Structure formats: structure tokens, C-alpha cells
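The values are calculated or read from the model by the stated rules, or taken from the named source; none is laboratory data. Note that the coordinates shown come from a computational prediction; the quantities given were computed from them, not determined experimentally. When we count neighbours, we look across all protein chains shown, and the Cβ atoms used for this are built from the backbone with ideal geometry, even at glycine. Quick note on the areas: whole protein, heavy atoms, side chains included, nothing else; ligands and nucleic acids left out. Shrake-Rupley method; radii C 1.70, N 1.55, O 1.52, S 1.80 Å.
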Amino acid sequence: MGDSTELVEVRRDSLIDVEHLCTDTFVRHAEFFDTLGSTNDRALELAARPEVPTPAVVVARLQTAGRGRGSNTWWADDGALTFSLLLDTARWTITPRDWPRLSLAAGVAVCDALAGMNLESRSSLGLRWPNDVLIDGRKVCGILIESPGGAPPAKDRLIVGIGINVNNSWQAAPPDAGPEGTALCDVTGRRHDVQTILFGVLRALAERLKQLADGDEQLPQAWQQLDLLRGRTVRIDTNGHHTEGTCVEIATDGALVLEAADGHQRIYSGIVTALER
Ligand code: BTN
């Protein structure tokens with residue numbers, strides 16, 4: 001391990017080889033917890049500590065208080081992959097107006113990693129703006145991006161929290177987990193190695209974050225290819241308001257372009273429901 005890397009916690013019974021997270025990926029600080037409330041909450045604590053180098057990753061085998069977007073919770077049983085990445089905004093030249101693109105970049109990176117796994121050929125993988133990853137129309141991954149705010153260094157950092165249903169079959173999900181989830185094991189009928197998926201997503205994130213920082217057009221091309229909403233009638237809920245219309249495209253700045261009754265609108269954040277019409 002080089003001088004610039006830091007290893008925080010190595011457990012012999014850890015599901016994740018924490019040491020290799022720091023040597024084989026762009027991560028410079030790694031923590032694994034057997035059980036934790038929320039990896040995003042732990043990353044929020046780390047964000048305020050200047051001695052913690054970034055990118056830092058927090059992984060939990062089991063979350064007891066996983067958080068989703070809005071007021072949602074995130075269900076994840078044993079066998080799920082739940083982790084949060086703490087990033088330095090200056091390193092990746094991310095300003096607040098880049099947050100929609102960051103959100104999409106994270107979703108694209110998860111798709112990259114899952115696409116490399118040779119899921120069954122009939123499985124269709126795609127993105128529901130801004131960053132839900134769906135397989136065969138059902139959500140397999142959710143992403144929660146948070147800005148710690150406050151004083152430096154926290155205010156100059158961002159958290160990307162990612163939950164992927166891997167070996168936690170959706171059949172065991174409680175009714176309040178939502179109607180339309182799935183897990184990789186449900187899609188393929190077999191178990192998958194959680195660590196391989198974590199390393200794959202981190203490597204893809206390093207690549208997509210670089211494209212984001214460089215303004216590389218391959219990134220918007222990727223989210224436009226993965227876009228599952230184009231041409232669909234959708235409802236978008238943003239801060240208590242909702243708008244309906246047809247999704248025209250996901251623009252290069254990360255906006256969902258909506259053809260609504262009163263013309264085209266550009267929407268930068270919200271929760272989308274595709275309407276059956
Ligand atoms: C959503 O789709 O609503 C976002 C779900 C995000 C879940 C992940 S799991 C790891 C990280 N820790 C949390 O508490 N939430 C995110």
C-alpha cells in the first residue's frame with residue numbers, strides 16, 4: 001500500500017477485502033461494518049474529518065436504517081450490497097449545477113458494472129432518470145446523493161450512496177419496500193459475488209467521474225442509450241409539486257426534458273413514475 005492510502009478496518013470475517021479496496025481501486029480510505037444504521041450517515045460523519053482522505057468508501061453487510069430518496073427508507077437484507085462513497089468536489093470539478101450529471105454518472109457506472117456480468121441475455125438493463133437502475137422494468141439499484149454542507153472540509157465533499165439488491169431476493173422484501181423491485185439473484189437464479197460487484201462499480205465510477213470532470217461526451221451518450229423513459233408518459237414529483245408529460249430526452253446537462261401541456265420543461269430533480277398510457 002502506498003503512503004497516500006489508508007486502511008481503516010480489516011476483519012478476517014469481512015465479506016469485503018478492505019485492504020484491496022485501497023490498493024486496487026481509486027479509494028484511499030475504506031471501512032467495512034458488519035451492521036450499521038446507514039452507510040450514508042457514516043460517510044456524513046467522515047465528511048467533517050479533514051484527516052480522512054478521499055475517495056473514501058463505507059461498506060456495510062447489513063443496514064438497519066438505510067435511507068432512500070425523499071422520505072423513503074431503503075430495504076436491504078443480508079446479501080445486498082450497500083455502500084457510500086465520499087468524494088472531494090474540487091478533485092472532480094463538481095459544482096452544484098453538475099449534481100444532475102453526477103447523479104446520472106453514478107447510475108451509468110452501476111449499469112457499466114452490471115452489464116459486464118453477463119446477466120441472462122433476455123434481461124434488459126437501463127436507467128430511470130435520474131439514477132434508478134432497472135432490470136426487466138424492476139428496480140435493482142437505488143442511489144442517494146447527499147451534500148454534507150456546513151464548514152470545510154464537509155462542505156467541499158459529496159456522498160454517493162448506492163444500494164444494489166444482489167443475493168437478497170425481492171421475494172423476502174416487506175410490503176412497504178415498494179411494488180417493483182428485483183435482485184440480481186431473482187434475475188439470474190443464482191448467487192453473485194458481492195465483492196466483485198463492489199470493485200466493478202468503483203472502477204466504473206472512477207472512469208465515469210473522470211468523464212464528468214473532463215466534459216467527455218461519452219458520458220451523456222451513455223445515459224441517453226440507457227434511458228428507459230424516452231417517449232414514455234411520466235409524472236415527476238419535485239418538492240410537493242407534480243408535472244405530467246412525455247419524456248423527450250435526458251439532456252447533456254442532466255435535465256429531463258418534458259413535453260407538458262404548456263410546452264417543454266427542463267427538470268433537474270424529482271422522483272419519476274412512468275404512467276401506463
Ligand atoms: C433510492 O432509490 O431511494 C435511493 C436508495 C439509496 C440506498 C443506499 S444503500 C447505501 C446508502 N446508505 C443509505 O442509507 N442509503 C444509500
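Could you look at the chain and say what percent of its accessible area is carbon and sulfur, using a 1.4 Å probe and all protein chains?
The C+S portion of the solvent-accessible surface of the chain is 47 percent.
In the range 216-267, what GluC sites (Glu not before Pro) fall in a loop by DSSP, with at most 14 other Cβ atoms inside 10 Å?
Counting only loop positions with at most 14 other Cβ atoms within 10 Å, the GluC sites (Glu not before Pro) in the range 216-267 are 217.
Please report the Cα spread of the range 189-277 along all three principal axes, rounded to whole Å, starting with the longest.
Projected onto the principal axes, the Cα atoms of the range 189-277 cover 46, 38, 24 Å.
What net charge is computed for the residues neighbouring residue 147, neighbours being all others with C-beta under 9 Å from the C-beta of residue 147, Lys and Arg scored +1, Asp and Glu -1?
My count for the surroundings of residue 147 gives +1.
Using 0.36 nm per residue, how much length does the chain from residue 97 to residue 136 gain when fully extended, once their Cα-Cα distance is taken away?
10.9 nm
For the range 188-202, just list the computed ³J(HN,Hα) in residue order, Karplus coefficients 6.51, -1.76 and 1.60, θ = phi - 60°, integers in Hz, with x standing in for Gly and Pro.
Values, residue by residue: 9, x, 9, 7, 10, 7, 4, 5, 4, 5, 4, 4, x, 5, 5 Hz.
What accessible area per residue, rounded to a whole number of Å², is obtained for the chain using a probe radius of 1.4 Å?
46 Å²
Compute the Cα gyration tensor for the range 124-262, then decide on rounded, prolate or oblate, letting a ≥ b ≥ c be the square roots of its eigenvalues: rounded whenever a/c is under 1.5, prolate when a/b is larger than b/c in the other cases, and oblate in all that remain.
rounded
From the mean inverse distance of alpha carbon pairs (Kirkwood) and the Cα radius of gyration, derive Rg over Rh for the chain.
0.95
Report the local net charge at residue 226: Lys and Arg +1, Asp and Glu -1, summed over other residues whose C-beta lies under 13 Å from its C-beta.
That works out to -1.
Would you mind counting up the charge near residue 187? Only other residues with Cβ under 9 Å from its Cβ, with Lys and Arg at +1 and Asp and Glu at -1.
After counting each charged neighbour, the total is -2.
Mean separation of Cα pairs under 8 Å and 6+ residues apart, divided by the residue count of the range 55-165: what relative contact order is that in percent?
Relative contact order, the range 55-165: 29 percent.
Could you run the Debye sum over the Cα atoms of the range 137-216, one equal point scatterer each and no solvent, and tell me log10 of I(q)/I(0) at q = 0.20 Å⁻¹, two decimals?
The computed values of log10 I(q)/I(0) come out as -1.00.
Rounded to two decimals, what is Rg over Rh for the range 8-98 when you use alpha-carbon atoms and the Kirkwood radius?
0.98
Stick to the Cα atoms of the range 116-163, pair each with every other, and give me the Kirkwood hydrodynamic radius in Å at one decimal.
Evaluated over the range 116-163, this radius sits at 12.8 Å.
For the range 156-193 and the range 43-88, what is the centre-to-centre distance using only Cα atoms, to the nearest Å?
Their Cα centres are 15 Å away from one another.
Please state the relative contact order of the chain as a whole percent: Cα pairs under 8 Å, 6+ residues apart?
The value is 16 percent.
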